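Structure first, commentary second.
The values are calculated or read from the model by the stated rules, or taken from the named source; none is laboratory data. Note that this is a predicted model, so its numbers are computed, not measured. Backbone-built Cβ (ideal geometry, glycine too); neighbour counts: all protein chains shown.
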Amino acid sequence: MAQVTLSQISKVYPNGAKAVKPASFDIPDGEFVVLVGPSGCGKSSMLRMIAGLEDISTGDLHIGERRVNDLDPADRDIAMVFQNYALYPHMTVRKNIGYGLQNRKIAKAEINRKVAEASALLNLDDYLDRKPSQLSGGQRQRVAMGRAIVRDPELFLFDEPLSNLDAKLRNQMRIEIKALQRRLGVTAVYVTHDQVEAMTMADRIIVMNAGNIEQIGTPFEVYNRPATTFVASFMGAPPMNLMEGTITDGQVRIGDLVVAQNLDHPAGPVTVGIRPEDIIPDAAGQMKIEVSLVEELGAHRLLHGTLGGHPLSVYVSKDNEVRPGVLHVSLKQNAVSLFGKDTGARLS
Amino acid sequence: MTTNTSPRRRLKLSVVLDHSVLIIGAAFMIVPVLMLLQMTTVADLINMKTGPSLMIGDQLDDNFMKAMFKADGFAGDNTGLRMLINSLILGLGFAAGKIVLGMMAAYAIVYFRMRFATLAFWIIFTTLLLPLEVRILPSYEIVQKLGMLNTFHGLIVPLIASATATFFFRQFFRSIPEELVEAARIDGAGPVKFFIDILVPLSQTMIAAMFIIMFVYGWNQYLWPTMITTDEDMFTLVRGIKQIAQSQEGTTLPEYGRSNMLALIAILPPVLVVVFFQSWFVKGLTESDK
């Protein structure tokens, strides 16, 4: 177990593509960090640099006290779980799990003991002599986990490990992985494009876009105080409503409608962000939304409509009977986030 | 099934036609072999007089003994058994050599970041256009100068470079997911370990397929053994049979029984290899667990 330190890490591919722009952050011992972003944002390159599967173009990477830039993946004391599990198809589960230990010249009895321990932890005891092709997706996932934990690594790396599973299993494995990481107390870096996974599993989320780190923070911070419009629109389903507004005389307006008071910022155009669930139906409310479509989600309803010509979605609980048409609403306290119109950065 | 439909299916014209074509084709292939078999059962004199016939004689065991154990030539070492062993060594060495070399070449081309790896591959590939026959004289000269005439390595080594095997293994290796390589790297498997622990077992079916093709190819080599082996105890079956079938001198009869028996024996090992490895083939194709 160890702290991981990245300083000014960047990745430039031979064809000149800058996959990761210089990035620095620390991962404290035992923390579960999720790298999230749309495909092509550089999160996988980042993970693969930490793993040692890609060379680091610039910067220093420390795992524990060691600088590992020039170490082979095998010498970095890491374990990785791949998206398609990457189990060795010709080996039994037992051998798959033990292969890494066997390569490290660990005594047979010790290997057997550790494999037994890992398989007990993952409920794989009945499958130890099967081949991966005879296992279900979830079981293969567990074997991949077993292969990782059996080595007692300092760092777990997960590369979208759940995206090949069906939705139900995904939820279950999500909990299992998180619980396992808690129990073992091993530092973990987890890459995903699924913001729900990021929110539910992470101690801290790193949101990436186009090779840049947009925000680093706890799920709560990232959700409630997104640092940029990108984060605001990427995290959360449905995403935050972003509308063009202005600040005049200390009042934030969308069109003619005053949505908030703000005395900190100079007058001028801004981007106004409001979470769909922060808008509440209120017969006395000043805001009028033209609802055009109601999505029934069971526990909630998702309303799609417009506010002063801007498209907008509203998340209401199932108790609110809403029909398409005009709906009066009001905002919760502190519901409005403001972003610079040109920079997209949060104005706090 | 509970419903009792008529067990007799009506013959369709197309079915009859299909089967006729297949039966004729099968007969066309099998009749020469049956003729061969018939000729091994009768004495050479009768063969000489009547040629192939429908008569089954009683000379099978006699011809077999002659084919396997009778030696002729100057040194008297080229019994059928000896030739059979030589052929086996050639076939196995040829197949094994081609597979090992092809796999290693493909491994280098696919998994190592070499400059000009693709160019190297295509250069190897173009050697398909240069079969042995084109370069047989220089090859012979080299083998002769190295003093490898009448040796097994002289017979096998010059033939084992194989563009075909390299090509097939290259295609196969490229279909193995990248993550497997990465997982092995993280698991601490170096290049040699990865090759032996992961690639070779994964390639089993590919190796079996290559083995079928290459064994038969090596077994059937004629020109090269004819040039390289002048000692009679180095003769292979394919090369030796001709020697026997042609030896009509003076009053001795050509030994039809013996040479035909040898021909039959020569057919057997490739057939067995195909039959045996075919099951592997099917297993590999259906149990795809890559």
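Please verify whether the stretch B:78-90 includes one or more residues that are part of a loop (DSSP other than H, G, I, E, B), at positive phi and out of contact with any Ser or Thr (no Cβ under 9 Å at 6 or more places or on another chain). Walk me through how you get there before you give the answer.
If we filter the stretch B:78-90 for residues that are part of a loop (DSSP other than H, G, I, E, B), which is where we start, we get B:78-79.
Now drop any that are not at positive phi, which leaves none.
The answer is no; no qualifying residue exists.
Answer yes if at least one residue in the stretch B:36-53 is loosely packed, with under 14 Cβ neighbours inside 10 Å, outside the structural domain of residue B:171 (by TED's automatic domain parsing) and among the aliphatic types (A, V, I, L, M), and no otherwise.
At the first step, the residues of the stretch B:36-53 found to be loosely packed, with under 14 Cβ neighbours inside 10 Å are B:45, B:48-51.
The next check asks that each one be outside the structural domain of residue B:171 (by TED's automatic domain parsing); those that pass are B:45, B:48-51.
Going one step further and asking which of them are among the aliphatic types (A, V, I, L, M), we end up with B:45, B:48.
For the stretch B:36-53, residues loosely packed, with under 14 Cβ neighbours inside 10 Å, outside the structural domain of residue B:171 (by TED's automatic domain parsing) and among the aliphatic types (A, V, I, L, M): present.
Only one residue in A:55, A:70, A:29, A:75 is closer than 27 Å to residue A:185 by Cα and either of a type in the set (S, T, N, Q) or under 24 Å from the mean Cα position of the chain (by Cα) (or both), so which one is that?
Numbers: A:55 fails: closer than 27 Å to residue A:185 by Cα; A:70 fails: either of a type in the set (S, T, N, Q) or under 24 Å from the mean Cα position of the chain (by Cα) (or both); A:75 fails: either of a type in the set (S, T, N, Q) or under 24 Å from the mean Cα position of the chain (by Cα) (or both).
None of the others qualify; the one that does is A:29.
Check residue B:197 against each of (1) crowded, with 19+ Cβ neighbours inside 10 Å; (2) more than 14 Å from chain A (Cβ to nearest Cβ) and name the one condition it does not meet.
(2)
What number of residues within the stretch A:255-285 are in a strand (DSSP E or B), at pLDDT 85 or above and not hydroxyl-bearing (Ser, Thr, Tyr)?
9
Would you mention how many residues in the stretch A:161-177 are in a helix (DSSP H, G or I) and over 23 Å from residue A:64 (Cβ atoms)?
Selection size over the stretch A:161-177: 10.
Considering only the stretch B:175-194, state which residues are buried (at least 17 other Cβ atoms within 10 Å of the Cβ) and either more than 8 Å from chain A (Cβ to nearest Cβ) or not acidic (Asp, Glu) (or both).
Matches in the stretch B:175-194: B:176, B:180, B:181, B:183, B:184, B:185, B:186, B:188, B:189, B:194.
Only residues that are under 27 Å from residue A:172 (Cα atoms), without any contact (Cβ under 8 Å) to a residue 24 or more places away in the chain and either crowded, with 21+ Cβ neighbours inside 10 Å or within 14 Å of chain B (Cβ to nearest Cβ) (or both): list them for the stretch A:87-135, please.
A:95, A:134
Going through A:33, A:68 one at a time, which residue ends up being touching a residue at least 24 places away in the same chain (Cβ under 8 Å) and either within 14 Å of chain B (Cβ to nearest Cβ) or in contact with a strand residue (DSSP E or B) (Cβ under 6 Å, 6 or more places away or on another chain) (or both)?
Numbers: A:68 fails: touching a residue at least 24 places away in the same chain (Cβ under 8 Å).
Step by step, each of A:33, A:68 is checked, and only A:33 is touching a residue at least 24 places away in the same chain (Cβ under 8 Å) and either within 14 Å of chain B (Cβ to nearest Cβ) or in contact with a strand residue (DSSP E or B) (Cβ under 6 Å, 6 or more places away or on another chain) (or both).
Quick grid of which residues meet (1) part of a strand (DSSP E or B); (2) in the same structural domain as residue A:40 (by the TED database); (3) buried (at least 24 other Cβ atoms within 10 Å of the Cβ):
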position	(1), (2), (3)
A:196	no, yes, no
A:216	yes, yes, no
A:220	no, yes, no
A:233	no, no, no
A:245	yes, no, yes
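Restricting the stretch A:52-82 to residues that are over 28 Å from residue A:141 (Cβ atoms) and among the β-branched types (Val, Ile, Thr), which is surrounded by the most Cβ atoms within 10 Å (Cβ to Cβ)?
Filtering the stretch A:52-82 for residues that are over 28 Å from residue A:141 (Cβ atoms) and among the β-branched types (Val, Ile, Thr), the one surrounded by the most Cβ atoms within 10 Å (Cβ to Cβ) comes out as A:56.
Among the listed residues B:227, B:261, B:210, which satisfies the condition of being under 30 Å from residue B:105 (Cα atoms), at pLDDT 85 or above and surrounded by 22 or more Cβ atoms within 10 Å (Cβ to Cβ)? Even if it seems obvious, please write down each step before you answer.
Values: B:227 fails: surrounded by 22 or more Cβ atoms within 10 Å (Cβ to Cβ); B:261 fails: under 30 Å from residue B:105 (Cα atoms).
The conditions single out B:210.
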